[in-house]
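Here, each number is a calculation from the coordinates, and none is a lab measurement. This is a predicted model, so every value here is computed, not measured. Because the Cβ atoms are built from the backbone with ideal geometry, glycine has one as well, and the counts that use them run over all protein chains shown.
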Amino acid sequence: MKILVLASGSKGNSTYVEYKNTKILIDLGISSLSLDKKLKNIDVDTDDLDAILITHTHTDHVGGLKTYIKRHNTPIYLTNIMYDELGLKIPNYKFIDSSKFIINDIEITVIKTSHDTNDSIGFIIKADKELVYITDTGYINKKYFKEIYDKNVYIFESNHDIEMLIDGKYPHYLKQRILGDKGHLSNRDSSYYLSKLTGKNTSHIVLAHLSEDNNTEEKALETLNNALNKENKQINNILVAQQKESILIEV
């Protein structure tokens, strides 16, 4: 499995996953031009995409979709609620109406997340290896713990440091939104989940969607490493996704 985190952050999110002849994209919050350039770096043509999966309809996850669908006929996978929210005439769409579905060589399990939009989801991407992709959620329901336990790769939100957020410049209502059950996972929350969920098969963690104003790479990594140490766990590859730089993982 090849995974390329194209961009991650409040200015745009998108991740490419490839297995055998199947090529999918999770979210398209970057421009089509940027997508083309980043995929060409790994010798992939945008026309070769088999599907785009949408996690939710906030602009930093779908901002590039309007232009993309004018030029490409790639199937867009989203829920009917997301389709109504978008208000776009998507020529080729498929509703996600079950907890599992298959795209060619890849099986996808849907994880319901909790965010301040009418519908939001994460995914388990299963091929020869398994990827858990969860961002933009205030918490993770315990009913999913068994399903997302001990996977090979986790791309996982670690949005903010709580103290930085509270002491920062954001207005009170926005701080409360971010900290709430429909907001974003903090470093502390993310690290707690990852310290419990990772296992012997886990080779990579990518901390995603870091706030530019309320977090630092160092704080996110320190919090996670401390949590893993308490559980006597060691993950060899822990990375932090960037807004402008891509991260390539091959497992």
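A Cβ-based charge dipole, computed about the Cα centre of the chain with Lys and Arg at +1 and Asp and Glu at -1, lands at about 280 debye. Here segment 80-143 and segment 148-209 have alpha carbon centers that stand 18 Å from each other. The count of lysine pairs in segment 129-251 with alpha-carbon distances below 13 Å, taking only pairs 8 or more places apart or on different chains, stands at 8. Could you tell me which of rounded, prolate or oblate describes segment 162-251, using a ≥ b ≥ c as the square roots of the eigenvalues of the alpha-carbon gyration tensor, with rounded for a/c under 1.5 and, failing that, prolate when a/b is larger than b/c and oblate otherwise? Taking the square roots of the gyration eigenvalues as a ≥ b ≥ c, segment 162-251 is prolate.
In the chain, the ratio of gyration radius to Kirkwood radius, Rg to Rh, stands at 0.94 when only Cα atoms are counted. Applying a DSSP loop filter and a limit of 14 other Cβ atoms within 10 Å to the GluC sites (Glu not before Pro) in segment 214-251 leaves GLU231, GLU245.
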